[in-house]
């Protein structure tokens, strides 16, 4: 039997961190509205194959709980692997599709703007990522994919095609970071875990959809 406390795992994208805007928005929202949901936002390894191995080890710690996932960009690719392997549901924000094709343009030295860590991407990392390639999900209804047509880094149409059959939200404009992501947080929690009781305010009333219920 699974434990009652749900766990949300957020995986950031390439050259990002747990201090990213979206990760911070998720952290603040859960703290104020759903403090019973445990949030894990690991600082992922700079190399995708190592990041996936790291994420798998994290998931194994919580296999007896209700798991939900959010992944942004490369994190969306990693979340797809985790949902396919361990179950649960995933929300993908402008996810990378066939990222090994993209990584070819990123070979060389990089510095993570958050951690300041320097590292070098080489052809072996492209090969590692290619070995992790995915086709269409066998259970697309486990995914909700948020896309913005103004994504300057990825072609949103590739993700729309790859995750066809799942829940897709495609907005005009926007960017790779997904403008206005926090608008979807209430609905994302419901998608991942079903209806959840929200926190109460100091007066003891339940907060529902932003309104105080006495």
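Bear in mind that the values in this text are calculations on the coordinates, not laboratory data. Only a predicted model underlies this, so the values are computations on that prediction, with no experimental measurement involved. Neighbour counts are summed over all protein chains in view; Cβ atoms, including those assigned to glycine, are modelled from backbone coordinates with ideal geometry.
Report for the range 3-213 the percent antiparallel among DSSP-assigned beta bridges with both residues inside it, nearest 5.
25 percent
Taking the alpha-carbon centroid of each part, what is the distance from the range 84-131 to the range 1-68 in angstrom?
The range 84-131 and the range 1-68 have Cα centres spaced 17 Å from each other.
I need the per residue convex hull volume for the range 1-128, using only the alpha carbons, in cubic angstrom as a whole number.
Spelled out: Cα convex hull of the range 1-128, divided by residues, is 99 Å³.
How high is the relative contact order of the chain, given as a whole-number percent (alpha carbon pairs under 8 Å, six or more residues apart)?
Relative CO of the chain lands at 20 percent.
Looking only at 150, 68, 108, which one moves most when the chain is put into a Gaussian network model with springs between Cα atoms under 10 Å?
Among 150, 68, 108, the largest mean-square fluctuation in the Gaussian network model of the chain belongs to 108.
Computed FRET efficiency, Cβ-Cβ of residue 139 and residue 19, R0 30 Å: what is it to the nearest 0.05?
Efficiency for this residue pair is about 0.40.
Going by a ≥ b ≥ c, the root eigenvalues of the Cα gyration tensor, does the range 1-56 fall in the rounded group (a/c under 1.5), the prolate group (a/b larger than b/c) or the oblate group?
oblate
Taking the number of other C-beta atoms within 10 Å as the exposure measure, put 37, 9, 70 in order starting with the fewest.
Least to most surrounded, the residues fall as 37, 9, 70.
Counting other beta carbons within 10 Å of each residue's own, what order do 32, 20, 72 fall into, fewest first?
32, 20, 72
Starting from the Cα coordinates of the chain, work out the convex hull volume and express it per residue in Å³.
Once divided by residue count, the hull of the chain is 125 Å³.
Enter the angle in degrees (range 0 to 90, nearest 10) between the Cα long axis of helix 48-60 and the first principal axis of the Cα atoms of the chain, meaning the one along which they spread out most.
30 degrees
Would you mind computing, in nm to one decimal, how far apart the modelled labels at residue 132 and residue 187 are, each placed 7 Å from Cα along Cα→Cβ?
Distance between the two pseudo-spin positions: 2.9 nm.
Return the calculated 222 nm mean residue ellipticity for the chain, to the nearest 500 deg cm²/dmol, obtained by summing -39500 (n - 2.57) across DSSP H runs with n ≥ 4 and dividing by the residue count.
-9000 deg cm²/dmol
Pop a pseudo-label 7 angstrom from the Cα along the beta-carbon direction at both residue 63 and residue 153 and give the gap in nm to one decimal.
Taking the two extended label points, one gets 3.2 nm.
What's the exposure ranking of 191, 69, 181, going from fewest to most Cβ atoms within 10 Å?
191, 181, 69
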